[in-house]
Amino acid sequence: TAGITQAPTSQILAAGRSMTLRCTQDMRHNAMYWYRQDLGLGLRLIHYSNTAGTTGKGEVPDGYSVSRANTDDFPLTLASAVPSQTSVYFCASRGGYYNEQFFGPGTRLTVL
Amino acid sequence: AQSVTQLGSHVSVSEGALVLLRCNYSSSVPPYLFWYVQYPNQGLQLLLKYTSAATLVKGINGFEAEFKKSETSFHLTKPSAHMSDAAEYFCAVSGGPQGGSEKLVFGKGMKLTVNP
């Protein structure tokens, strides 16, 4: 199975432009997450969704928005990118008996 | 609320030597604990998990971790390091059997270098 796919793999974006990072899972998990990974800071939660139609804010939500129209897709949108949003972004879903999280391969975003 | 502390950011060992990566947690409820591994330019992969059953947990690639409630620790070990173990390792905590497992809180990560 594919698990979680993310697109694009990497992107260079001009400051002020908008962009949507895509995330799709085929495991039928209800909960999905977006994290950003920065050197020395580990992974920080941006937004999450416990089920289709609901979303919530994580630790660092400012400048980002999400939607969850269906179970499989959880896109992350940057409305007006800033250089501080340069990071590696990981999408994850939660499943299994002990609620472990499964991660996608990541999107490397550079905002200039 | 939960939190995880991984002291230091980098560990270097020789091939064949013991690997010990430390993790201390704080949790207001009995926790679930996880170790994830991230190889260069890849996503995170679950290495092992503690779910309130056995305190000594065995994972993939010869790694294991022991849950010690009295020390609030969940250190990761491997008896003999291999070059392929070079990666970044993250400890994470969530609420456990009594609830609160919806979110994971990660440590800042530990980069493991294995020298030939």
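The values are calculated or read from the model by the stated rules, or taken from the named source; none is laboratory data. Every value quoted in this text rests on a predicted model; they were computed, and no experiment measured them. Don't worry about glycine lacking a Cβ; one is built from the backbone with ideal geometry, like all the others, and counts go over all protein chains shown. Please note that ligands, DNA and RNA were not included when accessible areas were found on the heavy atoms of the full protein model with its side chains. Shrake-Rupley method; radii C 1.70, N 1.55, O 1.52, S 1.80 Å.
Annotations for the structure displayed:
- Residue satisfying all of: in region A:20-31; open to solvent by 20 Å² or more (accessible area, probe 1.4 Å) and either of a type in the set (Val, Ile, Thr) or outside any loop (DSSP other than H, G, I, E, B) (or both); farthest from residue A:77 (Cα to Cα) among these: A:24
- Contacts under 9 angstrom Cβ, first residue in region A:32-55 being within 11 Å of chain B (Cβ to nearest Cβ) and outside any strand (DSSP E or B), partner among the acidic types (Asp, Glu) and open to solvent by 30 Å² or more (accessible area, probe 1.4 Å), 6 or more apart: A:50/B:102
- Considering only residues in region A:94-111 that are more than 8 Å from chain B (Cβ to nearest Cβ), in a strand (DSSP E or B) and not β-branched (Val, Ile, Thr), the one that is most open to solvent (accessible area, probe 1.4 Å) turns out to be A:108.
- Flag if residue B:57 is in contact (Cβ under 8 Å) with a residue 24 or more places away in the chain, within 29 Å of residue A:30 (Cα to Cα) and in a strand (DSSP E or B): no
- Taking every residue in region A:56-76 that is of a type in the set (Asp, Glu) and pairing it with any residue that is open to solvent by 40 Å² or more (accessible area, probe 1.4 Å), at least 6 positions away or on another chain, the pairs with Cβ-Cβ distances below 8 Å are A:59/A:44; A:72/A:24; A:72/A:26; A:72/A:28; A:73/A:22; A:73/A:24.
- When residue A:39 is tested against (1) surrounded by 14 or more Cβ atoms within 10 Å (Cβ to Cβ); (2) under 23 Å from residue B:36 (Cα atoms); (3) more than 13 Å from the chain's Cα centre (by Cα); (4) aliphatic (A, V, I, L, M), only condition (1) is not met.
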